[in-house]
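Below you'll find the structure, written out as C-alpha cells, and then a few comments.
Where a number appears in this text, it was derived from the coordinates with a stated rule and is not lab data. Source: prediction; values computed, not measured. No Cβ is skipped: glycine too gets one built from the backbone with ideal geometry, and neighbour counts run over all protein chains shown.
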Amino acid sequence: MKQTVLVIDFGSQYTQNIARRIREQGVFSEIKPHTVTADEVKKISPSAIILSGGPSSVWDEGAPSLDAAIIESGVPVLGVCYGMQLLVRMLGGEVEHSDGREFGPAEIEILDGGGLFSGIRSPAAVWMSHGDRVVRLPEGFVATARTASAPVAAVRHEKRKIFGTQFHPEVAHTPGGGEMLSNFLFNIAGCEKSWTPEAFIESVVASVKERVGSSRVICALSGGVDSSVTAALVREAVGSALVCIFVDTGLLRLGEGDDVVRMFSESGIEVKRVNEEERFLGKLKGVSDPEEKRKIIGREFIAVFEREAKSIEGAEFLAQGTLYPDVIESASVPGAAVTIKTHHNVGGLPERMNLKLIEPLRELFKDEVRRVGRALLIPEVLLNRHPFPGPGLAIRILGEISAEALDMLKRADAIYIDEIRKAGLYDKIWQAFAVFLPVRTVGVMGDNRTYDNVIALRAVTSTDGMTADWAKIPPEVLEKTSTRIINEVRGIGRVVYDISTKPPGTIEWE
Ligand code: XMP
C-alpha cells in the first residue's frame with residue numbers, strides 16, 4: 001500500500017525540496033497549502049505530516065495558520081522553521097518577535113541524542129533560518145538542540161510524536177538532514193519504502209487500463225522526456241489502443257523527427273508522423289516578435305493536432321505529460337506575476353475536442369520521470385536529453401525566420417552538441433544550443449572578403465531552469481566548435497559565446 005507523507009506549505013522556497021527528499025527515501029509525499037482542512041487531511045490519511053518553513057513571522061497580521069485538529073489527529077508531525085514556531089505557538093508556547101533574520105550556516109549542539117538526531121554527532125552543521133525565537137516551550141516539550149544564538153534550535157514532545165527544527169533538514173547545506181528525515185520517516189512514523197518506479201508503474205498501468213477499457217488513446221509525442229515516458233506508460237496499459245501523433249513543425253533539431261519516429265516504432269508504438277514544415281514556416285513568414293511566434297506556433301500546433309486526432313476512430317482519451325510541479329497548489333505569496341515568456345503546450349485541447357485527459361505523470365517530479373523511464377527501458381539518450389522549448393528553433397532564430405537560417409542553425413547546433421558530447425560535458429550541462437543572429441559581419445576566407453551571419457553558443461548550468469549560470473566550457477571545446485561551424489556551415493562567418501546569467505538574462509534569447 002502506498003503511504004503518503006503530507007507536506008503542508010507555508011510558502012517556503014524549500015517546500016518542494018522537502019517533498020523530494022522524502023520521495024528520495026522511498027516514501028511518497030504530497031504538498032498541500034496551509035489552508036488544507038482536517039477533513040481533507042483525513043481523506044489523504046497521511047503516515048506523517050511535515051510543516052514547511054515560510055517567509056512570515058507568526059506575529060505578522062494574517063500570518064498563515066493551520067487547522068488545529070490536524071495537529072491533534074495523532075499523526076506524527078515535524079515542523080520546520082516557521083512550521084516549528086507555529087507548532088510552538090499553537091500548542092501554548094511563546095515566540096518572541098525579532099526584526100532581524102539570520103539565514104545561513106550554523107552549528108547545533110544536540111541536547112538529546114534520540115528521535116530525530118539518532119546517529120547524528122554533536123555538534124552538527126545545519127542551514128539555519130531564524131528570525132523570531134522560541135522563548136518558552138509548550139507544556140510537555142523539551143529543547144533537543146541549541147545554537148549560540150538560538151537556545152531552542154529543535155524541539156520534541158516528551159510523549160507525542162511532535163518534532164520541530166528551527167533549521168532546514170531538507171537542504172544540502174544540512175549534511176545530516178537526510179538522516180534526520182530518515183529518522184523521522186522510518187523510526188518515528190513507521191513508514192516503509194514503498195515509493196519505487198516499479199510500484200508506481202504497476203499502479204498507474206492498472207488504473208489507466210481500467211479507465212480506458214476498450215477505447216483508444218491518443219498522445220502528442222514531442223520527442224522530449226515527458227511525452228515519451230507518458231506514451232511508454234500508456235502503451236504498457238493499453239497496448240495497441242495507443243496512437244501517438246508526432247507533428248513535425250520543421251523547427252526541431254537536426255534529424256530529431258526521424259530519431260523520434262524510429263525509436264518509438266522500434267518499440268512497437270504506432271506513431272503517426274505529420275510533416276508540416278511548410279505550413280509552420282508559411283505562417284511565421286515576416287513575423288519577428290517572439291511572443292507572436294509562440295502564439296502562431298501554439299495555434300497551428302493545436303489545429304494540426306486536432307485535425308489528425310479526429311481522423312483516429314474511437315479515440316476518447318488524450319494522454320498528456322503534465323508533471324507534479326505544474327499541479328501543486330502552492331501557498332506562495334500571491335501577487336501579480338509578469339509574463340516574461342508564454343510557454344505553450346497542448347492545453348485547451350481536451351475540452352475543444354471532447355477528450356478525457358490521462359495524465360499519468362501528475363504525481364512525479366522530473367527526476368522521478370527519468371527513473372520511471374529507465375524502468376520502462378527508454379534509451380538513456382532520450383531520458384537525458386536537454387530541455388527543448390515547445391516553439392523550437394523558431395525562438396533561436398532572432399527576428400524573422402527563413403528556411404536558409406533554419407538550415408544553418410540546425411547544422412551549427414548539431415556540431416556544437418556533438419563537440420559537447422565528445423568532451424563528456426553534455427550531462428553536466430542543463431541546456432546547450434546555438435542561436436542564429438541576423439547580423440552580418442565581415443571576415444576573410446582564403447583571399448576573399450566574406451560578409452556572413454553570426455552564431456551564438458549558449459550553455460547553462462541550472463537545477464530547475466529558474467535561475468542559471470553560464471557553463472564554463474573549456475576554451476579548447478569552444479575553439480573546436482567554432483572552427484567546425486565556420487568551416488562546415490556555409491553562411492556563418494563568426495561564432496560568439498554567451499556569458500550571461502539568469503537573471504537578468506533568460507536561457508533562451510527570445
Ligand atoms: P527562459 O528562456 O525563460 O527558459 O529562461 C526557461 C526554460 O523554459 C524553456 N522555454 C520554453 N519552453 N515553450 C516551452 O515549452 C516556450 O515558449 C519556452 N521558452 C523557454 C527554455 O528552453 C528553458 O528550458
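In straight Cα distance, which aspartates and glutamates are under 16 Å from LYS285, not counting same-chain residues fewer than 8 positions off? Qualifying aspartates and glutamates at Cα under 16 Å: GLU276, GLU277, GLU300, GLU400, GLU404, ASP407. For trypsin sites (Lys or Arg not before Pro), the sites in the stretch 402-502 that DSSP calls loop and that have at most 14 other Cβ atoms within 10 Å are LYS472, ARG490.
Only helices enter this figure: runs of n ≥ 4 DSSP H residues, each worth -39500 (n - 2.57), summed and divided by the residues of the chain, yield -9500 deg cm²/dmol at 222 nm to the nearest 500. If you find the alpha carbon centre of the stretch 451-482 and of the stretch 1-23, how far apart are they in angstrom? So the separation of the two Cα centres works out to 34 Å. Going down the table (LYS209/LYS295; LYS209/LYS502; LYS42/LYS209; LYS293/LYS480; LYS32/LYS209), which pairs top 31 Å between alpha carbons? With Cα atoms farther than 31 Å apart: LYS209/LYS295; LYS209/LYS502; LYS293/LYS480. Highest mean packing first, where packing is the average number of other Cβ atoms within 10 Å per residue, the peptides 219-226, 77-84, 301-308 line up as 77-84, 219-226, 301-308.
Cross-linked pairs LYS366/LYS428; LYS422/LYS472; LYS193/LYS366; LYS2/LYS43: Cα-Cα separations exceed 18 Å for LYS193/LYS366. Shape analysis of the stretch 111-205 yields a ratio of the Cα radius of gyration to the Kirkwood radius, Rg/Rh, of 1.07.
Considering every Cα-Cα pair within the stretch 193-238, what fraction, in whole percent, is farther apart than 16 Å?
Distances greater than 16 Å cover 42 percent of the Cα pairs.
Both radii are taken from the alpha-carbon atoms of the chain; with Rh as the Kirkwood radius, Rg/Rh is 1.03. Among the DSSP helices (H) of the chain, those spanning at least 27 angstrom by Cα along their long axis with an average Kyte-Doolittle hydropathy of -0.5 or more are 403-422; this is a geometric and hydropathy rule only.
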